[in-house]
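The values are calculated or read from the model by the stated rules, or taken from the named source; none is laboratory data. Everything numeric in this text was worked out from a predicted model, so none of it was measured. Backbone-built Cβ (ideal geometry, glycine too); neighbour counts: all protein chains shown.
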């Protein structure tokens, strides 16, 4: 069984648990908005990693289901806010929530998901005891706080800095660590391990694996934004360029561009998303192709992905020798060898 098959095996149980905490009731007009992203269902990678890590270390599915559902629900309500902030067009192959209902209703619906997530963790504490519950709660809080700080740093660039002059790859890796490495990879792995009563030493090893895998995941996400199949990816191409995000693709291109080209790049990045024209985006795409920004990003993603796999193998002797170890290796590879 590979990671995708593992996710599909448990998808319905995770989804049903979330629906129990965010049921459709009166007024239906509100709860249907709150359920919109939940019902679309994403990749379920993050809750899949929670379950996988927990089962690897001996936890039962019953012990893992609430943390896994809380992890997925956090993604659903955070994406509502992200799409409002970025004014995204598509999410999971359909119009973004603020395009359907307006950002006021979208943000209000996001709040309900946020509250339901914490209620899940409250119920987890009641069921499994204050010591274990406190450790789980603190991990979620730390992970989400770091994530929203990363969102702030990214928004500072998009809405205030607005130019690549003076920016280097350290900014990209700081944002990726906050928004992707912790939240998407090693946070979920650690949450599963906490449910299985693993100590902090194990959590640090999972962090080491997850940091490299998370960077590989984010770079691959940036590449798919440029070249991915929109139907599979679920978002419109070139969103990063329209939004003015920092990626290794554009940083490599900028670093190799002529002074005249750099001025034009900064002039385009200085514009708000709605003011950028197709011709300007095509100009950026042309420079990216000229300086092989995508090729550079692919090489970096491959390097980080291979490093993550090597760390899994390095820690292999210290991990339980069961069927879930092989699925974990499959999961790490799937993070950067993917189409969506």
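Figures for the structure shown
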read-out: Members of region 256-300 that are in contact with a helix residue (DSSP H, G or I) (Cβ under 7 Å, 6 or more places away or on another chain) and assigned to a loop (DSSP other than H, G, I, E, B); value: 257, 276, 291
read-out: Any hit, region 120-129, residues being outside any helix (DSSP H, G or I) and either in contact (Cβ under 8 Å) with a residue 60 or more places away in the chain or farther than 19 Å from residue 44 by Cβ (or both); value: yes
read-out: Options 119, 91; residue that is out of contact with any strand residue (DSSP E or B) (no Cβ under 8 Å at 6 or more places or on another chain), modelled with pLDDT of 95 or more and more than 18 Å from residue 189 (Cβ to Cβ); value: 119
read-out: Among the candidates 287, 319, residue that is surrounded by 15 or more Cβ atoms within 10 Å (Cβ to Cβ) and modelled with pLDDT of 90 or more; value: 287
read-out: Lone unmet requirement of (1) part of a helix (DSSP H, G or I); (2) touching a helix residue (DSSP H, G or I) at 6+ places or on another chain (Cβ under 6 Å); (3) farther than 20 Å from residue 332 by Cβ for residue 12; value: (2)
read-out: Candidates 38, 33, filtered to the one that is within 18 Å of the chain's Cα centre (by Cα) and either surrounded by 20 or more Cβ atoms within 10 Å (Cβ to Cβ) or within 26 Å of residue 90 (Cα to Cα) (or both); value: 38
read-out: Residue in region 219-240 that is under 22 Å from the mean Cα position of the chain (by Cα), assigned to a helix (DSSP H, G or I), farther than 24 Å from residue 89 by Cα and at pLDDT below 95 present; value: no
read-out: Qualifying position, being out of contact with any helix residue (DSSP H, G or I) (no Cβ under 9 Å at 6 or more places or on another chain), surrounded by fewer than 22 Cβ atoms within 10 Å (Cβ to Cβ) and outside any loop (DSSP other than H, G, I, E, B), among 85, 138, 63; value: 138
read-out: Whichever residue in region 178-218 is touching a residue at least 12 places away in the same chain (Cβ under 8 Å), more than 19 Å from the chain's Cα centre (by Cα) and part of a helix (DSSP H, G or I) and, among such residues, is nearest to residue 152 (Cα to Cα); value: 203
read-out: Residue, nearest to the chain's Cα centre (by Cα), within region 106-130, restricted to residues that are more than 30 Å from residue 62 (Cβ to Cβ) and surrounded by fewer than 18 Cβ atoms within 10 Å (Cβ to Cβ); value: 107
read-out: Residue list for region 88-104, restricted to those being buried (at least 21 other Cβ atoms within 10 Å of the Cβ) and part of a helix (DSSP H, G or I); value: 97, 98
read-out: Restricting region 156-166 to residues that are touching a helix residue (DSSP H, G or I) at 6+ places or on another chain (Cβ under 8 Å) and surrounded by fewer than 17 Cβ atoms within 10 Å (Cβ to Cβ), the residue that is nearest to residue 116 (Cα to Cα); value: 162
read-out: Subset of region 301-325 [more than 15 Å from residue 213 (Cα to Cα) and in a helix (DSSP H, G or I)]; value: 316, 317, 318, 323, 324, 325
read-out: Cβ-Cβ under 7 Å pairs, at least 6 apart or on other chains, region 147-171 side in contact (Cβ under 8 Å) with a residue 40 or more places away in the chain, far side surrounded by fewer than 16 Cβ atoms within 10 Å (Cβ to Cβ) and in a loop (DSSP other than H, G, I, E, B); value: 162/270; 163/270
read-out: Some residue of region 70-78 being in a helix (DSSP H, G or I), surrounded by 20 or more Cβ atoms within 10 Å (Cβ to Cβ), free of Cβ contacts under 8 Å to residues at least 40 places away in the same chain and under 18 Å from the mean Cα position of the chain (by Cα); value: yes
